[in-house]
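In what follows, a single structure is set out as C-alpha cells and then discussed.
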Amino acid sequence: MKKVVLTGDRPTGRLHIGHYVGSILKRLELQEEKKYQQFVFIADLQALTDNASNSKFVADNILEVACDYLAAGLDPKKTTLFIQSLVPELTELTVLFMNFVTLSRLQRNPTVKDEIKNKNFGTSIPTGFLVYPISQAADILAFKTDIVPVGEDQNPLIEQTREIVKTFNSLYGEVFKYPNSLVSENQSQRRLPGIDGKQKMSKSMGNAIYLSDSEKDITDKVMKMYTDPNHIKVSDPGTTKDNPVFIYLEAFAKDEHFKLYCNEYNNLDEMKTHYEKGGLGDVKVKRFLCNVLNHELEPIRKRRAYYEKHPEEVMEILMKGSKKAQKVARKTLNEVKKAMGILY
Ligand code: TRP
C-alpha cells in the first residue's frame, strides 16, 4: 500500500518563493516517489474562516493558486489536486469530530492563539475560525494520511489531529492511523525571510517575491533587498548569516549558476568567504541573485502564462481531482459512520 501524503494552502493570494522553497519543492520531490500517493488541495473553506466578508477574494484566488501549482510543476497525473469545498464529506467529518474536541482545547492551540492575536479579532473570534483545526484534522484523516509535509507552525494542528485519532479509535475502534508531520531539515528551506529582512515572507507584509513576478519585478525587489547593515564600503567585511540575500542564495543557487553568471567563484562557499573577508560589494551579489532567481523562475513563469490563458483547463483539472478525492473521503466517512453506528 502506498503511503498517503497530503497538504493544502489557503487561497488568499498568489504563491511566493517562500512557499516554493518551504513546501512546493518538497511536493515536487514526493510526487516522483512511487511509494507515495499525494494529495494537494486548495483550502477555500479554511480561508473563509477569517475572510467571511470577502468570499469573492477567496474564490478568485483558487485559480491563482492552482496556476501556481501547475506552473511550479505539480502534475495532475501524479498528484491529485482538488478544492476543499468540492469535497463536502470533509465538512461532514468536521461536524462529527467537533464532538471529540473541547472548547478549551481549541483555545489553547498555540498556532490559533498566535493567529487570533495577529488578526486582531479581539473578543470577536468567528466560531468557524476557532474550529478550523478540527476541519484541518478532517482534511488529513479523510484520506488516511500518513505524512503531512508542513512548516513548523503547523505542528500544533497535526497534534490536534492525533488527539482526535486517539479519542475516536478508543471509543469506536481502530478506524484511523496516526499522521506525522514532515518538517524539512534544512534551515534555509524552512522559511525564507522577506526582502526587508523580516522573519517571514508574506503578502500582508508586502515583502514577498512571487512565482508570477516578471523579470523586472524580481530585479527591482532584489536591488532594494535588506542586507548586512554594517557592510557599508565594498572593502568592509560582511556577514552572510541572517543576511537575506545569502539566505536566498542558499536556497536557490547551484554550482552551475556560478559557471553561467559569476564564474570567479566555483560555489556559494567561495562567494561567502569573499564577502565575509571584505572586498565583495552587495550590488554584485544582488546581480547574481537576480540571475539565479530568473534562471529558476523563468520556466515557471512561462508555464504560468499558459495556464492563465487557459483557466477552463485549470478548472477541469481541479474538478477531476475533486471527484477523485471525494471518492476516498466518502469511503472514510462511511467507515466512520459505520463504526459509530449511524450509517442509516
Ligand atoms: N493550515 C494550512 C495553511 O494555513 C492549510 C491546510 C488546511 C492544511 N488543511 C490542511 C495543510 C491539511 C496541511 C494539511 O497553510
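Could you give every pair whose Cβ atoms fall below 7 Å, whose first residue belongs to the stretch 294-306 and is over 20 Å from Leu63 (Cβ atoms), and whose second residue is in a helix (DSSP H, G or I) and open to solvent by less than 60 Å² (accessible area, probe 1.4 Å), counting only separations of at least 6 or pairs across chains?
Between residues of the stretch 294-306 that are over 20 Å from Leu63 (Cβ atoms) and residues that are in a helix (DSSP H, G or I) and open to solvent by less than 60 Å² (accessible area, probe 1.4 Å), the close pairs are Asn294/Ile218; His295/His257; Glu296/Phe252.
Which one of these is open to solvent by 10 Å² or more (accessible area, probe 1.4 Å) and more than 13 Å from the ligand (Cβ to nearest atom): Lys56, Lys26?
Working: Lys26 fails: more than 13 Å from the ligand (Cβ to nearest atom).
Criteria check complete, one pass: Lys56.
Taking the condition open to solvent by 50 Å² or more (accessible area, probe 1.4 Å) and more than 9 Å from the ligand (Cβ to nearest atom), does Ile164 pass?
Values: open to solvent by 50 Å² or more (accessible area, probe 1.4 Å): no; more than 9 Å from the ligand (Cβ to nearest atom): yes.
So Ile164 fails the test.
With the requirement that a residue be open to solvent by less than 60 Å² (accessible area, probe 1.4 Å) and under 20 Å from the mean Cα position of the chain (by Cα), what does the stretch 117-140 give you?
Listed by number, the residues that qualify are Phe129, Tyr132, Pro133, Ile134, Ser135, Gln136, Ala137, Ala138, Asp139, Ile140.
Just checking, which of Leu90, Leu30 is touching a residue at least 60 places away in the same chain (Cβ under 8 Å), touching an Asp or Glu at 6+ places or on another chain (Cβ under 8 Å) and assigned to a helix (DSSP H, G or I)?
Leu90
Go through (1) within 11 Å of the ligand (Cβ to nearest atom); (2) open to solvent by 30 Å² or more (accessible area, probe 1.4 Å) one by one and return the number of the condition Lys113 breaks.
All conditions are met except number (1).
Hey, any hits in the stretch 198-206 for a residue that's charged (D, E, K, R), assigned to a loop (DSSP other than H, G, I, E, B), touching a strand residue (DSSP E or B) at 6+ places or on another chain (Cβ under 9 Å) and modelled with pLDDT under 95?
yes
The values are calculated or read from the model by the stated rules, or taken from the named source; none is laboratory data. All of these numbers come straight from a predicted model, not from anything done at the bench. Here the Cβ is made from the backbone with ideal geometry for all residues, glycine too, and neighbour counts use every protein chain on show. Quick note on the areas: whole protein, heavy atoms, side chains included, nothing else; ligands and nucleic acids left out. Shrake-Rupley method; radii C 1.70, N 1.55, O 1.52, S 1.80 Å.
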